[in-house]
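As structure tokens, the structure follows; a few thoughts come after it.
The values are calculated or read from the model by the stated rules, or taken from the named source; none is laboratory data. Quick caveat, the model's predicted, so the values are computed rather than measured. FYI the Cβ positions are ideal-geometry reconstructions off the backbone, even for glycines, and counts take in every protein chain you see. To get the accessible areas, we keep the full protein, side chains included, count just its heavy atoms, and leave off ligands, DNA and RNA. Shrake-Rupley method; radii C 1.70, N 1.55, O 1.52, S 1.80 Å.
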Amino acid sequence: MIVLGIDIGGSGMKGALVDTRTGERISERHRIPTPPDRKPESMAGVVKQLVDHFDHKGPVGCGFPTIVKHGVCISSGNLHKSWVGVNIKELFSEATGLPVTVVNDADAAGYAVMNYGIGKGKNGLVVIITIGTGLGSGAFFNGELLPNFELGQIPYKKYKKIEEWAAASAKEREELTFKKWAKRFDTFLRYVELLISPDLIILGGGTSKNFDEFEDYLTIQTPVIAAHLGNYAGIVGAAAAALHQAPID
Ligand code: BGC
């Protein structure tokens, strides 16, 4: 099936056509900046623009950077607060006239890893952590998604959520070395290990590309590996979500 995968973030909305049998991208990637107001109507307009750019008439899968329960936005994350309670699936379906599936962005990245990447065939509890502006998490048990794990939201000391202290954005903001930042990330992973005892942790998101620079500073017992999926995991996973989500939509 050919699906338009769209990876929606706070700064950019990126799409490409994906063959969901193989997980291959079959078009170039097109990126449109996220409208500065980050509000539902304007972002729906960009989804429509992406559909028009590809002249796409089939299913659309979106990865969305908030909690998404049965198509409805439950938290606003880094987007405008008016998103809370919006049925994203309906909004985008109406804007485009196409069937749209929406899942959390880290759950989408997880679909890519588990279906076409290093997680394929891995059983037990596998957790994908995306390291970016925030810390996203996607959990899979025997290959099935357990939606909306939000491990980056654990409160930590004076921080409302540990991602404010341990995500890639904190490393950039405070100009931390990999060693200093990795100690924070390791603290986060210790909580993850303590709370849910995963069998395997797979790292995605931009910073996972530098895994060899911080791997030695991680002290948890759980095996940790990098996804090596490059820039397209969000798009490919969003497309894969269109295949896998239908039963729980
Ligand atoms: C949000 C998650 C999201 C992650 C990565 C967090 O702030 O709570 O839902 O997956 O950022 O975008």
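Of all residues in segment 44-62, none are assigned to a strand (DSSP E or B) and out of contact with any Ser or Thr (no Cβ under 8 Å at 6 or more places or on another chain).
Checking every residue in segment 206-216 against the condition of being among the hydroxyl-bearing types (Ser, Thr, Tyr), modelled with pLDDT of 95 or more and on the phi < 0 side of the Ramachandran plot gives zero matches. Listed by position, the strands (runs of 3 or more DSSP E) enclosed by segment 91-180 that each have at least 1 residues that are touching a Cys at 6+ places or on another chain (Cβ under 7 Å) and crowded, with 17+ Cβ neighbours inside 10 Å are 100-104. Among residues of segment 188-214 being more than 25 Å from residue 141 (Cβ to Cβ) and of a type outside the set (Lys, Arg), the one that is most open to solvent (accessible area, probe 1.4 Å) is 212.
Residue-by-condition table, conditions (1) of a type outside the set (A, V, I, L, M, F, W, C); (2) within 8 Å of the ligand (Cβ to nearest atom); (3) touching a His at 6+ places or on another chain (Cβ under 9 Å):
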position: 135; (1), (2), (3): no, yes, no
position: 152; (1), (2), (3): yes, yes, no
position: 158; (1), (2), (3): yes, no, no
position: 163; (1), (2), (3): yes, yes, no
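For beta carbons closer than 6 Å, sequence separation of 6+ or different chains, a first residue in segment 116-141 that is touching a residue at least 24 places away in the same chain (Cβ under 8 Å) and of a type in the set (Gly, Ala, Ser) and a second that is open to solvent by less than 20 Å² (accessible area, probe 1.4 Å) and in a loop (DSSP other than H, G, I, E, B), the qualifying pairs are 117/227; 134/167. Flag not set for residue 182, criterion: at pLDDT 95 or above and within 13 Å of the ligand (Cβ to nearest atom). For segment 181-213, a tally of residues being part of a helix (DSSP H, G or I) and either touching a Lys or Arg at 6+ places or on another chain (Cβ under 6 Å) or among the hydrophobic types (A, V, I, L, M, F, W, C) (or both) returns 10. Within segment 56-76, none of the residues are more than 16 Å from the ligand (Cβ to nearest atom) and among the polar types (S, T, N, Q). Return yes when residue 148 is at positive phi, within 12 Å of the ligand (Cβ to nearest atom) and not hydrophobic (A, V, I, L, M, F, W, C) and no when it is not. The answer is yes for residue 148.
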